[in-house]
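Structure, as structure tokens:
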Amino acid sequence: MAIKYAFGIDIGGTNTKLGIADSDGNILRYKSMPTPQSPPDTSAAIIADEVENLIQKEPDKEISGVGVGFPAAIIQPDGIVSASPNLPLWCNVPLKKVFEEHLKRPVYIDNDANAAALAEYLWGAGKGEDPLVIYTLGTGIGGGIVIGGKIYRGATGGGGGLGHQTIDLNSKKMWKCGNYGCLEGIAGSYGIISRTWELLNLDKGSLIWGVMGGDYGALSADMVAVAAKDGDKTAKLIAREVTRALGAAVANTINVFNPRCILIAGGMTEWGKELLLNPIIEEARKRSFKGLFKVCRIGFAKGGAKAGVLGAAGLALSEM
Ligand SMILES: [Zn+2]
């Protein structure tokens, strides 16, 4: 099959990454820039200029489409950004239309976790495994589902919101989305930090205090992992709560979708196999149907710094 080329734009709360990718999953040109903090129209124009600069460096490649990964729910098929917690200015922005006006090429936009799922399916750790599900663990918890080689978007684009499945029916803590007991509120980094403070106030001897080094504002989910690996009781308890919640969510996913593959992605994968992945698998095994669990591989995503650009380019390539 002839090689095709597409442009990928991965817009994050802090940085925006741009690149040209081919249909074998190679990145030909790549650039990372701070995400412009101007109103969306101006920001899109700044990003579009950088896109054109990179495209001009590959004059003999025919780039037929542009994919955009964005950290928010996207209303489809019109490609409208609904509210975005990390980029509050980008509320109700018809991003597909805005970029198409600037770039004069077809633009495909999707939620960043959906793009990540597609990249893992096309070129990553779950290549060709169908259905494939991804959980992206970070500040929030994103989800993406690939079925029949395509992203599952649901009726209006909101499909795949795996971070907002209710895990704790008895939770009294309202999460940012308005629900109680969401997976994200337990196992996303904000949720972990808030739970850690609850328990730290009861355990003045916890190693987590030392890991923070006196800077209480710096408490992160990764610090909990560091203390857990050093055998700290409170940190291990938190890690256990997190992996139980994730394992239950993975089991729900197995029982609902009967996937071939479930991948865990995002910054929290640095917690490692022993602290994160293996306990998730063990919990999922206990809570899912044996036959369905057996055919589902659960592992870490390939990820990487350029995965977002690849996923975004994949959006365009899979539509072409
Ligand atoms: Zn929620």
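The values are calculated or read from the model by the stated rules, or taken from the named source; none is laboratory data. Given the structure is predicted, the values throughout are model-derived calculations rather than measurements. Counting neighbours? That spans all protein chains shown, and the Cβs are built from the backbone with ideal geometry, glycine included.
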Restricting to region 170-220, and then to whatever is closer than 23 Å to Gly247 by Cβ and assigned to a strand (DSSP E or B), can you tell me which residue is farthest from the ligand (Cβ to nearest atom)?
Tyr180
If the Cβ limit is 7 Å and pairs must be 6+ apart or interchain, which residue in region 157-185 that is within 21 Å of Leu118 (Cα to Cα) pairs with which residue that is more than 8 Å from the ligand (Cβ to nearest atom) and among the basic types (Lys, Arg)?
Gly159/Arg153
Exactly one of Thr35, Thr14 is in contact with a Gly (Cβ under 9 Å, 6 or more places away or on another chain) and among the hydroxyl-bearing types (Ser, Thr, Tyr), and that residue is Thr35
Only one of Gly149, Gly157, Gly138 is within 16 Å of the ligand (Cβ to nearest atom) and either among the aromatic types (Phe, Trp, Tyr) or surrounded by fewer than 24 Cβ atoms within 10 Å (Cβ to Cβ) (or both). Can you tell me which?
Gly138
Scan region 97-116 and give yes if some residue there is away from the ligand (no atom under 12 Å from the Cβ), in a loop (DSSP other than H, G, I, E, B) and buried (at least 16 other Cβ atoms within 10 Å of the Cβ), otherwise no.
yes
Scope region 232-278; condition among the basic types (Lys, Arg) and touching a helix residue (DSSP H, G or I) at 6+ places or on another chain (Cβ under 6 Å); matching residues
Lys236, Arg244
Verdict on Gly163 being touching an Asp or Glu at 6+ places or on another chain (Cβ under 9 Å) and part of a helix (DSSP H, G or I)
yes
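Which residue out of Ala21, Ala6, Ala48 is surrounded by 15 or more Cβ atoms within 10 Å (Cβ to Cβ), at pLDDT 95 or above and farther than 18 Å from Trp123 by Cβ? Write out each step before concluding.
Numbers: Ala21 fails: farther than 18 Å from Trp123 by Cβ; Ala6 fails: farther than 18 Å from Trp123 by Cβ.
Among Ala21, Ala6, Ala48, only Ala48 is surrounded by 15 or more Cβ atoms within 10 Å (Cβ to Cβ), at pLDDT 95 or above and farther than 18 Å from Trp123 by Cβ.
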Could you look through region 248-287, keep only residues that are β-branched (Val, Ile, Thr) and part of a helix (DSSP H, G or I), and pick out the one that is surrounded by the fewest Cβ atoms within 10 Å (Cβ to Cβ)?
Val256
I'd like to verify a number: residues in region 240-291 that are in contact (Cβ under 8 Å) with a residue 40 or more places away in the chain, basic (Lys, Arg) and farther than 17 Å from Ala187 by Cβ, how many?
1
Any residue in region 48-57 that is in a loop (DSSP other than H, G, I, E, B) and either farther than 21 Å from Met320 by Cα or not β-branched (Val, Ile, Thr) (or both)?
yes
Of the numbered conditions (1) under 20 Å from Thr253 (Cα atoms); (2) more than 17 Å from the chain's Cα centre (by Cα), Leu219 satisfies every one except a single condition; which is it?
(1)
